[in-house]
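Novice: Following this message is one structure expressed as structure tokens.
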Amino acid sequence: MAGGLFKNIRVYVSLEWRGLTLIIYSFGYDTGVAGGVIATKAFKQAFGLIDAPQSHVDAVSSNVVAVLQGGAFFGALFSAPMSGWIGRKPTLLIFIAIFAVGAALQTAADAGTRGLNMIYVGRVIAGLGVGAISAVCPAFVSECSPKEVRGRITGLFQIWVATGVMLSYFVNYGMSLHITTGPRVWRVPFGFQLVPGGIMAFGLLFAKESPRYLARSGKTEQALINLAYYRRSTVDDPEVRAEMAEIEATILEEREARAGLGWKEAFFGPGQWIRFVIAFAIFCLQQFAGQNSVGYYAPRIFQSIGYTGTTPSFLASGVYGIVKVIATAIFIAIGVEWFGRKWSLFWSAIWMGILFYMVGALQKTHPPAVRTDDYVPPASKAMAGLLYLYCVAYSFGWGPLPWVYVSDIFPNRTRHYGLAFASATQWLFNFVISKITPTLVSKLGWKLFIMFATINIAGMGVFSLLIPETKGKSLEEMDIIFGAISAEDRAKDITKAEHVVDDEMRHGAPAPHGSSDQDVEKGSISQRSK
């Protein structure tokens, strides 16, 4: 099936525009905005941080940022059974509402201890929504995308995240110029995230459910209709029917070979456990790449290399956000399907490590002096330039590709478990790194960059060489790559499934709607094909 923007325009529009608008702000904006808010003088005055010990300031700063990630960890876990039970689209709508409640609490917070506690609670609740959405959206998008452009479409997720982070930087920059006192310093940035929540909820009402989810639920006829819709074709198109047959073949194999097995099969069935190991490792390493330490605490990081004063650090952070958006967009448009996953991850890790070693060395040999004006010394400008180049290296591999890769590797039956596990892992270590970064900046100084550089090369670079390439492979081919089934057996099952799909459409007898997992295991397709 021919790839390209126009052939798959409905996947781009229905899912990327409608489905990920909230992610622009919730996953990107909400994680990026807090680090800037807590750096303002008005916030510190309102919550008693002006004359507090640095350890207390670090604790409050890390709490405001990290509790969102803590909530997101549990949201990602809760999303797995829900999205497998009621579907991807209803799950997203429910967690959008949860996110909106959390955002409203953050916006309504007053100064003082009570207000700070309200911000904490609001960010935990918002985190539940963000975590669930971050787990379900990649699964939803990958299940609706053809293999020729799946990496590009799924990779747009990271572009939206980068866009959200960039917008948060410039909202904070604008606040530092125009609103510097009073509760509006945090209410405006926190309240801004409510707008796209409504946009996403409205847009999702018109999006169609995942064809692969419907097929696995026994709703073959509706699955074929939705698949044809996303391919801008008809149910009689031979390519659409062939893709549907491949989906049905995979489901048939799972029902026949794994009937009666529960969650243990999802994690430890043939060819399964290694995928969960990869998902865990890839997101653990991504969080310790150094990007989130820079991204969440960008004003603090730029102040540490010599950008003294709130406004210069916010502006430098905004430029960092622009670089990230542009670099990510270029890689997703050109590189993800051209260079593939494996080697893009490897070279991204190597260059990230080299650039961080250079930043650390410069900060060691040219430590920024404490100043009261906005002058930025040449060495600090050089370090900022290296951080921008690091951002490019990150965006050309380890930024967008972990989400693309884990969306690739899981089969239909366990994809909601796999993506939820991957997202929970991402949020768990996201929480860890956001919690410890302020202390690391205070205690390690230039050694922080050396630590991240070593992880980049020795950890992430080596890991990249050990994983299989998934570029150009269908989701159903992943079972062959990971040894769950042989290529010969898959070909036989596809032939069998083609006859099943034809029979389904001739007789119009899909499985009853609302089938449970147990009913699906004994579904009508499996019975008729035996």
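Novice: Using r as the Cβ-Cβ distance of VAL277 and ALA52, and R0 as 35 Å, what FRET efficiency do you calculate, to the nearest 0.05?
Specialist: Here the calculated transfer efficiency is 0.25.
Novice: Also: Tell me, in nm to one decimal, what length is gained between THR365 and VAL101 on full extension, where the rule is 0.36 nm per residue of separation less the Cα-Cα distance?
Specialist: Extra length available between THR365 and VAL101 comes to 90.2 nm.
Novice: For ILE301, ILE98, what's the largest-to-smallest order of accessible area, 1.4 Å probe?
Specialist: Correct descending sequence by accessible area is ILE98, ILE301.
Novice: Translational diffusion coefficient of region 103-164 at 10 °C, 1.306 mPa s, Stokes-Einstein with Kirkwood Rh over Cα pairs, in µm²/s as a whole number.
Specialist: Numbers: Rh = 13.7 Å.
Estimated via Stokes-Einstein, D reaches 116 µm²/s.
Novice: Write down the Kirkwood hydrodynamic radius of region 314-423, to one decimal in angstroms, obtained as one divided by the mean of 1/r over all alpha carbon pairs.
Specialist: Taking the inverse mean of 1/r over all distinct Cα pairs, region 314-423 comes out at 16.0 Å.
Novice: In addition: Starting from a Cα-only point model with no solvent, please compute log10 I(q)/I(0) by Debye for region 415-499 at q = 0.12, 0.14, 0.20, 0.23 1/Å.
Specialist: -0.63, -0.76, -1.09, -1.20
Novice: Just to be sure I understand: if I project the alpha-carbon convex hull of region 119-199 onto a plane and average over all orientations, what area do I get in nm²?
Specialist: Numbers: hull surface 25.7 nm².
That works out to 6.4 nm², a quarter of the Cα hull's surface.
Novice: Also, quick follow-up: Toward the positive end of the charge dipole of region 48-169, about the Cα centre and with charges on Cβ (Lys, Arg +1; Asp, Glu -1), which of VAL130, GLY70, ALA59 goes farthest?
Specialist: VAL130
Novice: Taking the Cα centre of region 366-439 as the origin, how large is its charge dipole in debye, to the nearest 20, when only Lys and Arg (+1) and Asp and Glu (-1) carry charge on their Cβ atoms?
Specialist: So the dipole magnitude of region 366-439 works out to roughly 220 debye.
Novice: Another question about this same structure. How much net charge surrounds ALA139 when only other residues with a Cβ under 10 Å from its Cβ are counted (Lys, Arg +1; Asp, Glu -1)?
Specialist: Working: positive: ARG88, ARG212, ARG415; negative: GLU143.
Within the 10 Å Cβ shell, the charges total +2.
Novice: Right, another one. Could you calculate the contour length gain from LEU466 to THR234, that is, 0.36 nm times the residue separation minus the distance between their Cα atoms, to one decimal place in nm? Don't skip to the answer; put the middle values down first.
Specialist: On the way: separation 232, 0.36 × 232 = 83.52 nm, distance 4.08 nm.
Contour length minus Cα-Cα distance gives 79.4 nm.
Novice: Given a 1.4 angstrom probe, I'd like the percentage of the accessible area of region 145-252 that is carbon and sulfur, rounded to a whole number.
Specialist: 63 percent
The values are calculated or read from the model by the stated rules, or taken from the named source; none is laboratory data. The shown structure was predicted, so the numbers you read here are calculated from the model rather than taken from an experiment. Don't worry about glycine lacking a Cβ; one is built from the backbone with ideal geometry, like all the others, and counts go over all protein chains shown. Accessible surface is based on the protein model in full, side chains and every heavy atom, while ligands, DNA and RNA are left aside. Shrake-Rupley method; radii C 1.70, N 1.55, O 1.52, S 1.80 Å.
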